[in-house]
Amino acid sequence: MRFISVFFLFVLNLLILISSLNADWKAEVKNRHLNERYEISKMDTGILKIENRLTKTFKYINITDQESLSKTLSSKMQFFDLINTDTNLFKNKYRFFDKIEVSGVVGYPLVINDLNNNRLIDIVGSTYKEKEDSGLANCAIMELQSDSTFVLQKKYVRHDSIVNVLAETDVDKDGLNELNFKNALGEFQTYENTTINNYPDSLQFKYRMWTGTGEVGSETFVDMDNDGITDIIYVGDDTLPPDGNKVYVAEYDSTVHNFVQKFRYSPPEWRVSGFSVGDFDGDGFKEFATGSIDGDVYVFENQGNDAYDLVFSDTISTPNAYLTCATNDIDHNGKIEFFLGGSSYYNGVGGTKVYWFEADGNNHYYKKYTFFLSGTDVLGTTELYSYDVNADGIDDLVFAFAGSVVILIWERDHFRLHYYDWWENLWQEIQSVNIYDLFNDGRPNLLISTHDIKNLPEFNTYIYTNNFLTNISRNHYKIIKNFKLEQNYPNPFNNKTIISFSINQTFIINLFIYNINGKEVIKLVDHQVFNAGVHRVIWNCKDKHGKEVSSGVYLYSLKSCNYSLTKKMLLIR
């Protein structure tokens, strides 16, 4: 039982509070080694600005004491006492497998996929600066070999100003993989494969996300308006009034081969961060939600092509409401959810309060559920992700705090603490967490990315194999069995065809049409909730622009969670 580590966490949280109230918070920051990783300055009363020295990204944290736990908790709130939780109860969940020298930094998870189409998994992240290497690499690609070893395949070097990887995309829809990297100047750079079988190595364009102070973050790539064109949502700043953070949406424009800003909004409380995306109210228009330092909640909805409105606002009783993610109907009531919460101090103890939001009407949401994690970090990196941890087709909640990882799984009417571990190396800070089935065996792996401020290499990801074996294997095959994609009818066809699929539980479905070269033709179904049963979708042989396609072989692919089924069909004009 790791009482020493947990007690140390409690003392640190208490000292941070006391030191902040006595205007001597710098002493505690030094004790946490945070001053070597962050430039920390005091802003308003109880507000700290924490800037990452490496990436130059920063956020504001409210460190004032909120209230006593007795006032915070209620009979409707689920409480997790992490301070007194025995981490040995979870030690058999995962087993250490390997350590690789790349890391997903400042909350951005690793990008994981087969980037050069050789059927081997690639992992992209930040890498350490080799002092003997004049190039000073900042990002790198590691490839998982057939013998289960990892090999360094490519580096992206400092003269590109690259500091971390954001996402994999194909914004120009040419079938070639792209990697989007963030640089220290507040812009991202998009690299693309020169051929389908190599790694992204050709710089396509740079998109400057700010024109003011350089503050930018929370970049989220998604097709918000369902027009088949990639959008990016982000928080940034510019020189236009009012001062401070704004929320932006930009869309890729093929005529200029770059992103073009389409939406700008300045929240009343300008310190916002993090986005959840989905059609939360089920009206066919996607929304994105975000939260502020004061616990304000904002939901924006796409109103059609490139048009957005603030449709809902609320508050939650916790500051630093930067923790957010969307889940895929975890309680099986036909509605997808988003979670939003924040970490703060409660009677001198660090804690995290999270709210479950769900639609109860068009553009209206209510707080369905609340839970509290006692004994979590406030300063440093804090993130919330949704991953399918146990391969049952349902999203779970994964928290990455500076010194711990917490995983919660929903069971009927409550969350179960599936995994909890405290990171004992105080020189290392947890940066992000991935859950990914690296070996395609139905047992999702746990990947914990860290930054070490004392030892080289600075950046590492610790990979763990899934050790709760029987249930995972059974659930994996259960999901495959629950999914059935029929051959289209008629086939061959000349003006339209019917695509049928069946599921025996509620899923969020995507249905794509691709040409024989793998380029997306149209997205027939985009992130829609389907209940159990047989469903039919008609394709009228037109692409996403409404133009009729030519004769040839096409692929149709049904996707949900981490699973997909694909079949061929023949169009004859």
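The values are calculated or read from the model by the stated rules, or taken from the named source; none is laboratory data. None of these values were measured; they are calculated from a predicted model. Backbone-built Cβ (ideal geometry, glycine too); neighbour counts: all protein chains shown. To get the accessible areas, we keep the full protein, side chains included, count just its heavy atoms, and leave off ligands, DNA and RNA. Shrake-Rupley method; radii C 1.70, N 1.55, O 1.52, S 1.80 Å.
Some points to look at:
- Of all residues in segment 253-287, those being in contact with a Lys or Arg (Cβ under 8 Å, 6 or more places away or on another chain), of a type in the set (A, V, I, L, M, F, W, C), farther than 13 Å from Thr220 by Cα and at pLDDT 90 or above number 1.
- Residue in segment 488-501 that is modelled with pLDDT of 90 or more, within 23 Å of Gly380 (Cβ to Cβ), in contact with a Lys or Arg (Cβ under 9 Å, 6 or more places away or on another chain) and not hydroxyl-bearing (Ser, Thr, Tyr) present: no
- Taking segment 402-413 as the range and being of a type outside the set (Ser, Thr, Tyr), part of a strand (DSSP E or B) and either open to solvent by less than 30 Å² (accessible area, probe 1.4 Å) or modelled with pLDDT of 95 or more (or both) as the test, the residues that pass are Val405, Val406, Ile407, Leu408, Ile409, Trp410.
- Within the set Thr382, Thr450, Thr461, the sole residue that is crowded, with 18+ Cβ neighbours inside 10 Å, closer than 22 Å to Thr315 by Cα and of a type in the set (Val, Ile, Thr) turns out to be Thr382.
- In segment 241-252 there is at least one residue that is touching a residue at least 40 places away in the same chain (Cβ under 8 Å) and out of contact with any Lys or Arg (no Cβ under 8 Å at 6 or more places or on another chain).
- Filtering segment 321-333 to residues that are in a strand (DSSP E or B) and either open to solvent by less than 10 Å² (accessible area, probe 1.4 Å) or not aliphatic (A, V, I, L, M) (or both) leaves Leu323, Thr324, Cys325, Thr327.
- Between Asp395, Asp377, the distinction of being among the charged types (D, E, K, R), open to solvent by 10 Å² or more (accessible area, probe 1.4 Å) and farther than 18 Å from Val272 by Cα belongs to Asp395 only.
- Contact map, segment 327-351: residues that are under 11 Å from Ile63 (Cα atoms) and touching a residue at least 40 places away in the same chain (Cβ under 8 Å) paired with residues that are open to solvent by 10 Å² or more (accessible area, probe 1.4 Å) and aliphatic (A, V, I, L, M), Cβ distance under 6 Å, separation 6+ or inter-chain. Pairs shown: Tyr345/Leu17; Tyr346/Leu69; Gly348/Leu14; Gly348/Leu17.
- Of all residues in segment 421-447, those satisfying the criterion of being among the aromatic types (Phe, Trp, Tyr) and either in contact with an Asp or Glu (Cβ under 6 Å, 6 or more places away or on another chain) or open to solvent by 20 Å² or more (accessible area, probe 1.4 Å) (or both) are Trp423, Trp427, Tyr436, Phe439.
- Number of the exception - Val247 against (1) part of a strand (DSSP E or B); (2) within 27 Å of Ile112 (Cα to Cα): (2)
- Looking only at residues in segment 209-221 that are modelled with pLDDT of 85 or more and open to solvent by 30 Å² or more (accessible area, probe 1.4 Å), the one that is farthest from Asn113 (Cα to Cα) is Thr220.
- Filtered residues of segment 288-304 (kept if in contact (Cβ under 8 Å) with a residue 40 or more places away in the chain, in contact with a Phe, Trp or Tyr (Cβ under 8 Å, 6 or more places away or on another chain) and either open to solvent by less than 10 Å² (accessible area, probe 1.4 Å) or of a type in the set (D, E, K, R) (or both)): Phe288, Ala289, Thr290, Gly291, Ile293, Val297, Val299, Phe300, Glu301, Asn302
- Filtering Ile499, Ile516, Ile538 for residues that are among the β-branched types (Val, Ile, Thr), more than 26 Å from the chain's Cα centre (by Cα) and buried (at least 17 other Cβ atoms within 10 Å of the Cβ) leaves a single hit, Ile499.
- Top-ranked residue in segment 305-320 [being closer than 18 Å to Lys367 by Cα and in contact (Cβ under 8 Å) with a residue 60 or more places away in the chain; ranked as surrounded by the fewest Cβ atoms within 10 Å (Cβ to Cβ)]: Ser317
- Scanning segment 533-565 for residues that are assigned to a strand (DSSP E or B) and without any contact (Cβ under 8 Å) to a residue 12 or more places away in the chain yields Glu548, Ser564.
- Some residue of segment 523-532 being part of a strand (DSSP E or B), modelled with pLDDT of 80 or more, of a type in the set (S, T, N, Q) and open to solvent by 60 Å² or more (accessible area, probe 1.4 Å): yes
- Test result for Tyr420, among the aromatic types (Phe, Trp, Tyr), in a strand (DSSP E or B) and in contact with a helix residue (DSSP H, G or I) (Cβ under 6 Å, 6 or more places away or on another chain): yes
- Test: Gly236 is open to solvent by less than 40 Å² (accessible area, probe 1.4 Å), of a type outside the set (Ser, Thr, Tyr) and in contact with a Gly (Cβ under 9 Å, 6 or more places away or on another chain): yes
- Tally of residues being part of a loop (DSSP other than H, G, I, E, B) and open to solvent by less than 10 Å² (accessible area, probe 1.4 Å) across segment 337-366: 1
- The test for being modelled with pLDDT of 95 or more and under 20 Å from the mean Cα position of the chain (by Cα) holds for Val297.
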